[in-house]
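Peer 1: Here's a structure for you.
The values are calculated or read from the model by the stated rules, or taken from the named source; none is laboratory data. All figures in this text were calculated on a predicted structure; none of them were measured in a lab. Neighbour counts are summed over all protein chains in view; Cβ atoms, including those assigned to glycine, are modelled from backbone coordinates with ideal geometry. To get the accessible areas, we keep the full protein, side chains included, count just its heavy atoms, and leave off ligands, DNA and RNA. Shrake-Rupley method; radii C 1.70, N 1.55, O 1.52, S 1.80 Å.
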Amino acid sequence: MAASYGTARPPYPTVLYETLAQQGVIGPDLRVLEIGPGSGEATGELVRRGSKVVAVEPGPELADRLRRECPDATVVVSRLEDMDMAARQFDSVVAATSMHWVDLPTMLPKLGQALEPRGMLAVWRTVFGDPRVRTPFRQAVDKIVAGRGTSVPRSDPLDPRPTVEELEAGGRFRHIRSWQWPWQIDLDALQVRALFTTFSDWRDPGELDAVQAAAAAQPGSVTEHYVTILHLLRGTTGEKDAVREGPY
């Protein structure tokens with residue numbers, strides 16, 4: 001899985017990184033903590049834009065791959081919850097499709113303390129399957145999921161966890177703004193299978209066979225419609241002093 005993850009997942013859209021740079025989250029000499037980088041889908045771009053990245057990855061195989069792919073990043077093999085972080089160690093914290101694995105009540109206070117006063121927290125992920133765009137392939141995927149016969153709590157697919165409310169809980173971070181970027185990609189049946197294999201809720205080989213067959217049944221390649229969602233928050237430490245000094 002570690003070997004295939006980086007090639008199976010499509011990259012995040014360029015506008016995401018441009019926005020992060022414009023907002024002062026990443027950039028030359030900024031100290032950035034990356035949570036759960038996996039095989040480095042985002043790490044390489046953070047480094048290329050001059051950030052000094054400390055990437056915390058609990059998977060040893062993924063961490064080894066990340067070291068090879070991004071030698072300029074500092075890779076720490078650890079769960080975030082087990083990591084000791086000094087105060088004011090980072091200018092920003094980023095999480096690319098990883099924050100839903102984090103114990104937020106435990107870690108939000110620690111992250112707030114590890115940031116410089118009013119440092120930035122950027123959390124993003126891609127929704128694989130824009131619910132506003134229905135295609136024959138996506139209808140086939142829905143039928144496969146319905147065949148599981150399990151009741152899954154319904155939620156807004158365009159408000160994936162963690163939500164802004166969850167990230168603001170406890171008052172350590174304040175929401176600044178969110179963005180949504182729809183985009184699309186063409187995939188063949190083998191690429192579809194490889195991608196679905198990286199999803200934590202697609203582990204049944206029979207389901208993977210079915211989704212590959214559904215993709216192969218489409219004329220030509222499958223055009224998938226995705227949405228990348230970014231939430232930007234600012235640490236509240238130091239806000240009172242900032243108010244006395246004036247607006248930012």
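Peer 1: For segment 193-207, which positions are part of a loop (DSSP other than H, G, I, E, B) and polar (S, T, N, Q)? Walk me through it before giving the result.
Peer 2: Going residue by residue through segment 193-207, those that are part of a loop (DSSP other than H, G, I, E, B) are 198-204.
Thr198, Ser200, listed by residue number.
Peer 1: OK, next. Only one residue in Tyr17, Tyr12 is in contact with a strand residue (DSSP E or B) (Cβ under 8 Å, 6 or more places away or on another chain) and under 14 Å from Leu230 (Cα atoms). Which one? Give the derivation first.
Peer 2: Values: Tyr17 fails: in contact with a strand residue (DSSP E or B) (Cβ under 8 Å, 6 or more places away or on another chain).
None of the others qualify; the one that does is Tyr12.
Peer 1: Suppose we keep only residues that are acidic (Asp, Glu) and within 24 Å of Gly27 (Cα to Cα) within segment 54-79. Which one would you say is modelled with the lowest pLDDT? Show your work before the answer.
Peer 2: Going through segment 54-79, the residues acidic (Asp, Glu) turn out to be 57, 61, 64, 69, 72.
Those still in the list that are within 24 Å of Gly27 (Cα to Cα) too: 57, 69, 72.
On the way: Glu57: 95, Glu69: 91, Asp72: 96.
The extreme case among them is Glu69.
Peer 1: Just to be sure before I move on: is Phe137 touching a Lys or Arg at 6+ places or on another chain (Cβ under 7 Å), modelled with pLDDT of 95 or more, of a type outside the set (S, T, N, Q) and open to solvent by less than 50 Å² (accessible area, probe 1.4 Å) in the structure I sent? Even if it seems obvious, please write down each step before you answer.
Peer 2: Numbers: touching a Lys or Arg at 6+ places or on another chain (Cβ under 7 Å): no; modelled with pLDDT of 95 or more: yes; of a type outside the set (S, T, N, Q): yes; open to solvent by less than 50 Å² (accessible area, probe 1.4 Å): yes.
Spelling it out, it is not the case that Phe137 is touching a Lys or Arg at 6+ places or on another chain (Cβ under 7 Å), modelled with pLDDT of 95 or more, of a type outside the set (S, T, N, Q) and open to solvent by less than 50 Å² (accessible area, probe 1.4 Å).
Peer 1: What number of residues within segment 167-222 are among the acidic types (Asp, Glu) and surrounded by 14 or more Cβ atoms within 10 Å (Cβ to Cβ)?
Peer 2: Total meeting the criteria: 3.
Peer 1: So in segment 103-125, with the set limited to residues that are part of a helix (DSSP H, G or I) and open to solvent by less than 50 Å² (accessible area, probe 1.4 Å), which one is farthest from Arg88 (Cα to Cα)?
Peer 2: At the first step, the residues of segment 103-125 found to be part of a helix (DSSP H, G or I) are 104-114.
Restricting the remaining residues to those that are open to solvent by less than 50 Å² (accessible area, probe 1.4 Å) gives 104, 107-109, 111-112, 114.
Numbers: Leu104: 19, Met107: 15, Leu108: 14, Pro109: 13, Leu111: 9, Gly112: 9, Ala114: 5 Å.
Filtering first and then ranking leaves Leu104.
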